[in-house]
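Trainee: If you scroll down you'll find the structure; I have some questions about it.
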Amino acid sequence: MSRLTTPAIVLRTVDYGDADRVVTLFTRQSGKLAALARGARKSVKRFGAALGLFGVGEAVLHDKPNAELATLERFDGARGFPALMNDVAKVAHGGYACEVVRELIPPRQPEPEIFELLVNFLATLEAGTARAETLRIFELRLLDALGLRPQIDACVGCGSVDLGGPGDVLDVRRGGVVCAHCHGHGRALSDEVRRALVDAQGLGLHDAAGFTLAPAVNAGCREALSSIILDHVGRPLKSLEFIAKLNHA
């Protein structure tokens, strides 16, 4: 059994038994892993209030090779984002970011770039308002870091940059936009939406406040990126359903 001390983000918690909790952590050193926190629902000293969604701190774990669960000995919440819990829209956006990261990253593989991306996204969300444009930039940066960057500025079939005509589609399985001449399969992609996605691909989270999309264009970008993400996840995301309910309300 090895002992691991590492910065970590809490991605999910599930109560287990009378006092324990199973926690999915995104650690800087060992990537995503699940750990059993014995007595977490009673031990304020070892875990405190930081062991909840959006908790960021230092985790002390005992891990066995090939074990399904590590053991979480301590979690010191050096930094977290408890203020997010005071705004339902921020909870929805932060919950989506945590869920999509949890579903897309492989277990026990260090992903320091994505670790920093998620922390920066939560900090941006806490400091400002819950904006759809910020989510779009986050999604694109995440896909980039995972090696899943969609090709939107040229046809993936023939390489043509002469796009924008009728018949252009987002072909998820081929990795991007397919022009009408190459006969792709997927959802139609308007040139306005495509250009917005190209612009967003060149932005970081620090640019989010100055990036604004018309509602219809944002909806098109959301649908395009959701189709890419859901194709890789393989199932609907609960947090997306929650965001859709909020938007409808």
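Trainee: Are any residues in segment 109-120 assigned to a helix (DSSP H, G or I) and either open to solvent by 20 Å² or more (accessible area, probe 1.4 Å) or of a type in the set (S, T, N, Q) (or both), and if so, which ones?
Mentor: PRO112, GLU113, GLU116, LEU117, ASN120
Trainee: Right, something else. Got a number for residues in segment 80-108 being exposed (fewer than 15 other Cβ atoms within 10 Å of the Cβ) and within 16 Å of the chain's Cα centre (by Cα)?
Mentor: Total satisfying the criteria: 2.
Trainee: Kindly check whether there is at least one residue in segment 166-174 that is in a helix (DSSP H, G or I), at pLDDT 95 or above, in contact with a Phe, Trp or Tyr (Cβ under 6 Å, 6 or more places away or on another chain) and open to solvent by less than 70 Å² (accessible area, probe 1.4 Å).
Mentor: Looking through segment 166-174, none of the residues is in a helix (DSSP H, G or I), at pLDDT 95 or above, in contact with a Phe, Trp or Tyr (Cβ under 6 Å, 6 or more places away or on another chain) and open to solvent by less than 70 Å² (accessible area, probe 1.4 Å).
Trainee: Please list, ordered by first then second residue, the pairs with beta carbon atoms under 8 Å, 6 or more apart or interchain, first in segment 1-23 and more than 20 Å from GLY80 (Cβ to Cβ), second open to solvent by less than 30 Å² (accessible area, probe 1.4 Å) and not in a strand (DSSP E or B).
Mentor: Close Cβ pairs satisfying both conditions: ALA19/GLY39; ALA19/ALA40; ASP20/GLY39; ASP20/ALA40.
Trainee: Here's something else I'd like to know. Hey, among the residues in segment 227-249 that are assigned to a loop (DSSP other than H, G, I, E, B) and open to solvent by 60 Å² or more (accessible area, probe 1.4 Å), which one's modelled with the lowest pLDDT?
Mentor: ALA249
Trainee: Right, another one. Out of the residues in segment 10-43 that are among the β-branched types (Val, Ile, Thr) and crowded, with 16+ Cβ neighbours inside 10 Å, which is nearest to ARG79 (Cα to Cα)?
Mentor: Filtering first and then ranking leaves VAL10.
Trainee: Does segment 195-217 hold any residues that are in contact with an Asp or Glu (Cβ under 7 Å, 6 or more places away or on another chain) and open to solvent by less than 40 Å² (accessible area, probe 1.4 Å), and which are they?
Mentor: ALA208, PHE211, LEU213, VAL217
The values are calculated or read from the model by the stated rules, or taken from the named source; none is laboratory data. Predicted, not measured: the structure shown is a model, and the values here were computed from it. As a convention, Cβ positions derive from the backbone with ideal geometry for all residues, glycine included, and neighbour counts pool all protein chains shown. Surface accessibility is based on the protein's heavy atoms, side chains included, excluding ligands, DNA and RNA. Shrake-Rupley method; radii C 1.70, N 1.55, O 1.52, S 1.80 Å.
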